[in-house]
Amino acid sequence: MAADLTQTITHDMPGDRLGNCVATCVAAFLDVPLSDVPHFVELGIYLARDKDDRIGWWAMMLGFMASRGYWVTQLDALSDADPDETVFVSGQTVRGFPHQCLYRAGELLFDPHPSRVGLTTVTEVVAWRKHSGFDHDPASPIDDDEAREAFRALRGDLEEAS
């Protein structure tokens, strides 16, 4: 993991930009340069023209991570993470702003902010886990029984409609 990364845009910079802590956490998690990761939050809000929009940027992030073989799992608490699993944690900072950091084993692993002080509260814990299937290889199994059943039902609906 590229823990030496630092977010390049913080909430207090001039120019009305939104901080890029989310993108910096993604870059650290994937061990890629920050320039390889879109500024999901800012781009999504810009495209929606709505400061409260979370659907657009979240959809972009889901697609970005899925294209790298990861799918999201919402966790109720840090303690629900698998042993040695790196999780994305959202919360508030001493600066009074929402922020994202990476945690492992219930402890702060990476704070992209230059201060590196972490979070004062935790509001969301998300695990990006490797997924199976959803590629273009017909031999790849779908290991999720619920998804397989939904696909069967969809095929059945399509066959009935034709």
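Under the 0.36 nm per residue contour assumption, what length would be gained going from the current alpha-carbon distance of residue 160 and residue 49 to full extension?
35.9 nm
Choose one of 113, 71, 126: the residue whose Cα lies farthest towards the positive end of the charge dipole of the chain (beta-carbon charges +1 Lys, Arg; -1 Asp, Glu; about the Cα centre).
113
Checking the a/c ratio against 1.5 first, then a/b against b/c, what shape does the Cα gyration tensor give for segment 37-114?
Note, shape of segment 37-114 comes out oblate.
Count the net charge of all other residues whose Cβ sits under 11 Å from the Cβ of residue 11, scoring Lys and Arg as +1 and Asp and Glu as -1.
With Lys, Arg at +1 and Asp, Glu at -1, the net is 0.
Would you kindly state the longest site-free stretch of the chain, with sites defined as trypsin sites (Lys or Arg not before Pro) in a DSSP loop (not H, G, I, E, B) surrounded by at most 15 other Cβ atoms within 10 Å?
That gives 117-162 as the longest site-free run.
Let me know the volume per residue of the alpha-carbon convex hull for segment 97-141, in Å³.
Looking at segment 97-141, the number lands at 128 Å³ per residue.
Amide H neighbours of residue 95 under 5 Å, counting only residues 5+ apart in sequence or on other chains, H built in-plane at 1.01 Å?
For residue 95, no residues qualify.
Near the amide H of residue 105, under 5 Å away, which other amide H atoms are found, from residues 5 or more places off or on another chain, if H is placed in the peptide plane?
Correct list: 84, 85.
Taking θ as phi - 60°, what are the ³J(HN,Hα) couplings along segment 22-29 by the Karplus curve (6.51, -1.76, 1.60), each to the nearest whole Hz, with x for Gly and Pro?
4, 4, 5, 5, 4, 4, 5, 4
For segment 101-114, just list the computed ³J(HN,Hα) in residue order, Karplus coefficients 6.51, -1.76 and 1.60, θ = phi - 60°, integers in Hz, with x standing in for Gly and Pro.
9, 10, 10, 9, 6, x, 10, 4, 9, 8, 10, x, 5, x
Where does the charge balance sit around residue 140 when Lys and Arg score +1, Asp and Glu -1, over other residues with C-beta under 13 Å from its C-beta?
-2
Would you compute, from DSSP H runs of 4+ residues alone, the mean residue ellipticity of the chain at 222 nm, taking -39500 (n - 2.57) per run and dividing by the full residue count, rounded to the nearest 500?
-9000 deg cm²/dmol
For segment 42-53, in order, what is each residue's ³J(HN,Hα) by Karplus, 6.51 cos²θ - 1.76 cosθ + 1.60 with θ = phi - 60°, in whole Hz (x at glycine and Pro)?
Taking θ as phi minus 60°, the curve returns 5, 5, x, 5, 4, 5, 7, 6, 8, 5, 9, 5 Hz for segment 42-53.
About the Cα centre, and with charges only on the beta carbon of Lys, Arg (+1) and Asp, Glu (-1), how big is the dipole of the chain? Nearest 20 debye, please.
600
Sorted from largest down, what three extents in whole angstroms do the Cα atoms of the chain have along their principal axes?
Principal-axis extents of the chain (Cα, largest first): 57, 40, 27 Å.
Each value in this text was obtained by applying a stated rule to the coordinates, not by laboratory testing. None of the values given here were measured: they were computed from a predicted structure. All Cβ positions, glycine included, derive from the backbone under ideal geometry; neighbour counts span all protein chains shown.
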